[in-house]
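A.B. asks: Right, I'll just put the structure down here and ask away after.
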Amino acid sequence: MEWQLSTSRLSRRAVLGATAALAAGPALAEECRLGPAPHEKGASVFLDMDQQELDASYNQLAYEPLLAQITKRLASNSEAMRARIGAPQRESYGPSAVEGLDIYRTKRKNAPIFVFIHGGAWLGGEAKNYGYPAEMFVNAGAHYIAVDFIAIKEAGGDLGVMAKQVRSAVAWVHNNAAKFGGDPSRLYVGGHSSGGHLCGVVLVTDWQTEFGLAPDIIKGGLCMSGMYEMKPVALSARRNYVKFTDAMEESMSAMRHLDRLHAPITVTYGTFETPDFQRQSREFAAAVKAAGKPVQLIEAPNYAHLEMCESLGNPYGANGRAALAMMKLE
């Protein structure tokens, strides 16, 4: 009898709750909408996208409502990882305070190295919050390095300043690999989102001219959910904080400098990412292939943008599996 009474009460509450949910339905649906807000289609700005559609395609929050939650999870996962394997070795690669990197060392001697470039729409981000993949790499026998670098506003809106620092970090890792037991002949680079853009730029660096190094110091690149042609980005709302010029578009578009690409690359993206981030990845991979250079394109079904980043720490995830395969690690 007591159970029946309880069920009856729950049923009435359920009915009331369902009624309230139905009443709130349109508002909830509005909050969970993916893509640009409903609007009257305007003039095309890039391909068939009007300004609102293009802006939304370069605003991850428009397509990934749980972006803030996943960002916090990456940070907490990084803290939990450090509690298990220990703090990284911190090194400076340049004169400014921000020019530092976190080295998570494997126990294997003369081990391969994976350098990670974080995203954040070029606006921010910290290496410490992208330490979570380290456990996977260290256990597989590779050093994992997360790089800090200047944010775009502090760089005066110049992507070139940011790119120069990241290139310097990679050069430092190559030149100082012996300090942490790394093998400079097995140096790999990866980056996600705006870090994927910087990864592309790093891969087409003229290492000999800029750093006096061999052209092929990087042995493989993992370009995750990035941007490789700056024209549509310069037309988007990101132009409000990046001071695009024709020269910057040219120098910061990896797709325009494939003659300097010497490493095989893997390009990845998720099917729940924004339309233009998906297109950028497909067209970059196609351009590399057309240039006669080795490339693998991986489309990850049912992954959103930051979920792709999170997968780098999972040996069975889209990017974790790709990274280990690229480095020929179990």
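Any read-out appearing in this document is the output of simple, stated calculations on the displayed coordinates, not a laboratory observation. Fair warning: this is a prediction, and the values are worked out from it, not measured in the lab. Cβ sites come from the backbone with ideal geometry, for glycine too, and all protein chains shown count toward neighbours.
A.B. asks: Please find the FRET efficiency linking Lys179 to Arg108, where r is the Cβ-Cβ separation and R0 is fixed at 22 Å, and quote it to the nearest 0.05.
C.D. replies: On the way: r = 16 Å, r/R0 = 0.71.
For R0 = 22 Å, the calculated efficiency reads 0.90.
A.B. asks: Right, next: Among Leu66, Leu198, Leu297, determine the one that fluctuates most according to a GNM of the chain built with springs between C-alpha atoms less than 10 Å apart.
C.D. replies: With Cα springs under 10 Å in the chain, the top fluctuation among Leu66, Leu198, Leu297 is at Leu66.
A.B. asks: Is the C-alpha gyration tensor of the chain telling us rounded, prolate or oblate? Criteria: a/c under 1.5 is rounded; beyond that, a/b larger than b/c is prolate, otherwise oblate. Please list the in-between numbers first.
C.D. replies: Details: a/c = 2.15, a/b = 1.40, b/c = 1.54.
Oblate, because a/c is 1.5 or more while a/b does not exceed b/c.
A.B. asks: Quick one: work out the % antiparallel among DSSP beta bridges in the chain, nearest 5.
C.D. replies: On the way: 9 of 36 bridges.
Restricted to the chain, the bridges split so that about 25 percent are antiparallel.
A.B. asks: Further question on the same structure: At 222 nm, what value in deg cm²/dmol follows for the chain if DSSP H runs of at least 4 each add -39500 (n - 2.57) and the sum is divided by all its residues, to the nearest 500?
C.D. replies: Details: 12 runs with 137 residues, N = 330.
That calculation yields -12500 deg cm²/dmol at 222 nm.
A.B. asks: About its Cα centre, what dipole magnitude does region 45-326 give when the only charges are +1 on Lys and Arg Cβ and -1 on Asp and Glu Cβ, stated in debye to the nearest 20? Write out the running numbers ahead of the final one.
C.D. replies: Numbers: 27 positive and 29 negative charges, 227 e Å.
Dipole size: approximately 1100 debye.
A.B. asks: So for region 45-326, taking the charge dipole from beta-carbon charges (+1 Lys/Arg, -1 Asp/Glu), which of Tyr303, Val115, Thr266 sits furthest toward the positive end?
C.D. replies: Value computed over the given set: Val115.
A.B. asks: Distance in nm between label sites at Lys153 and Gln296, each 7 Å beyond Cα in the beta-carbon direction?
C.D. replies: Going from the Lys153 label point to the Gln296 one covers 4.0 nm.
A.B. asks: Under a GNM of the chain (C-alpha, springs under 10 Å), which listed residue has the highest mean-square fluctuation: Asn59, Asn129, Asn175?
C.D. replies: Between Asn59, Asn129, Asn175, it is Asn175 that shows the largest mean-square fluctuation.
A.B. asks: From Cα pairs below 8 angstrom and at least 6 apart in sequence, can you work out the relative contact order of the chain, rounded to a whole percent?
C.D. replies: Values: 614 pairs, mean separation 52.9, N = 330.
Reported as a whole number, the value is 16 percent.
A.B. asks: Now for a different question. Answer with one residue from Ile150, Gly124, Ser76: the one whose Cα lies farthest towards the positive end of the charge dipole of region 71-183, charges on Cβ with Lys, Arg +1 and Asp, Glu -1.
C.D. replies: Checking the options against the dipole of region 71-183, the answer is Ser76.
A.B. asks: To continue, here is another question. Contour minus end-to-end for Arg282 and Val161, with contour as 0.36 nm per residue of separation and end-to-end as the Cα-Cα distance? Walk me through the numbers before you get to the answer.
C.D. replies: Values: separation 121, 0.36 × 121 = 43.56 nm, distance 2.72 nm.
Stretched fully, the Arg282-Val161 segment lengthens by 40.8 nm.
A.B. asks: Residues with amide H under 5 Å of Asn176's amide H, sequence separation 5 or more or different chain, H placed in the peptide plane at 1.01 Å from N; which?
C.D. replies: When sequence neighbours closer than 5 places are left aside, there are no close amide H contacts.
A.B. asks: By how many nm would the segment from Thr71 to Asp259 lengthen if fully extended, with 0.36 nm per residue of separation less the alpha-carbon distance? It would help to have the intermediate numbers written out before the result.
C.D. replies: Details: separation 188, 0.36 × 188 = 67.68 nm, distance 3.55 nm.
Fully extending the segment from Thr71 to Asp259 adds 64.1 nm.
A.B. asks: Something else: With only Lys, Arg, Asp and Glu charged, each at its Cβ (+1 for the first two, -1 for the last two), find how big the charge dipole of region 156-262 is about the Cα centre; round to the nearest 20 debye. Walk me through the numbers on the way to the answer.
C.D. replies: Details: 11 positive and 10 negative charges, 58 e Å.
Magnitude of the dipole: close to 280 debye.
A.B. asks: Same structure, new question: Ser96 label point, 7 Å along Cα→Cβ, cut-off 14 Å on backbone N: hits in region 143-164?
C.D. replies: Those under the cut-off are 148-164.
A.B. asks: From the residues Gly35, Thr209, Ala97, which one has its Cα farthest along the dipole of the chain in the positive direction, the dipole being from +1 and -1 charges on Cβ of Lys/Arg and Asp/Glu about the Cα centre?
C.D. replies: Towards the positive end, the residue furthest out is Ala97.
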